[in-house]
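J.: Just passing along the structure, written as structure tokens.
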Amino acid sequence: MSKVEKDLLEAFAGESQANRKYLAFAKKAEEEGYKQVAKLFRAAAEAETVHALNHLRELKGIKSTKENLEAAISGETYEFQNMYPQMIENAKTEGHQGALRSFNFANEVEQIHASLYKKALENLGKNKEVDYYVCQVCGNTVEGNPPDKCPICGALKKMFKKVG
């Protein structure tokens, strides 16, 4: 891998993280009544998305939908089979209950994501439309109507947000 490719990967990761961080900051500013600051954080987050997508495009990281689904399946599978299990063990060893909860939620949901991506790959081109809902507590992602109670974290149905 060339120096520039490494730089693009690092820049993509940094811009992606900045986007998520600024969206979290915007939510907090909104909760505290700072609407203008929230707007600024959301604007900066959008700009970071533009930067991240430019870097990813230069890395040739966006391919056909079929290839993107295969890459997503691979990435999610790696996370729930390799990455999160080790992180879960580390959190247990260090007695960090918050991290343990966060890692467990993510680990369970990554399995669901891999399954949903596999299903999408199998149905690619069939144009079957379905709604997706995401639990705002644990990230559980479901097709169709959300359950009355999240099977992962126990959150009520009202905690699911429709994504479109």
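The values are calculated or read from the model by the stated rules, or taken from the named source; none is laboratory data. Keep in mind that this is a model prediction, so the values were computed, not measured. Heads up, the Cβs are rebuilt from the backbone with ideal geometry, glycines too, and the neighbour counts pull from every protein chain shown.
J.: Look at Lys92 and say whether it is part of a helix (DSSP H, G or I), modelled with pLDDT of 95 or more, of a type in the set (Lys, Arg) and over 29 Å from Glu30 (Cα atoms).
T.: Working: part of a helix (DSSP H, G or I): yes; modelled with pLDDT of 95 or more: yes; of a type in the set (Lys, Arg): yes; over 29 Å from Glu30 (Cα atoms): yes.
Spelling it out, Lys92 is indeed part of a helix (DSSP H, G or I), modelled with pLDDT of 95 or more, of a type in the set (Lys, Arg) and over 29 Å from Glu30 (Cα atoms).
J.: Residues of the range 138-152 being within 20 Å of Phe103 (Cβ to Cβ) and either surrounded by fewer than 18 Cβ atoms within 10 Å (Cβ to Cβ) or of a type in the set (Val, Ile, Thr) (or both), which ones?
T.: Thr141, Pro151, Ile152
J.: Does the range 6-28 contain any residue that is within 30 Å of Gly125 (Cα to Cα), surrounded by fewer than 12 Cβ atoms within 10 Å (Cβ to Cβ) and among the basic types (Lys, Arg)?
T.: There is no residue in the range 6-28 that is within 30 Å of Gly125 (Cα to Cα), surrounded by fewer than 12 Cβ atoms within 10 Å (Cβ to Cβ) and among the basic types (Lys, Arg).
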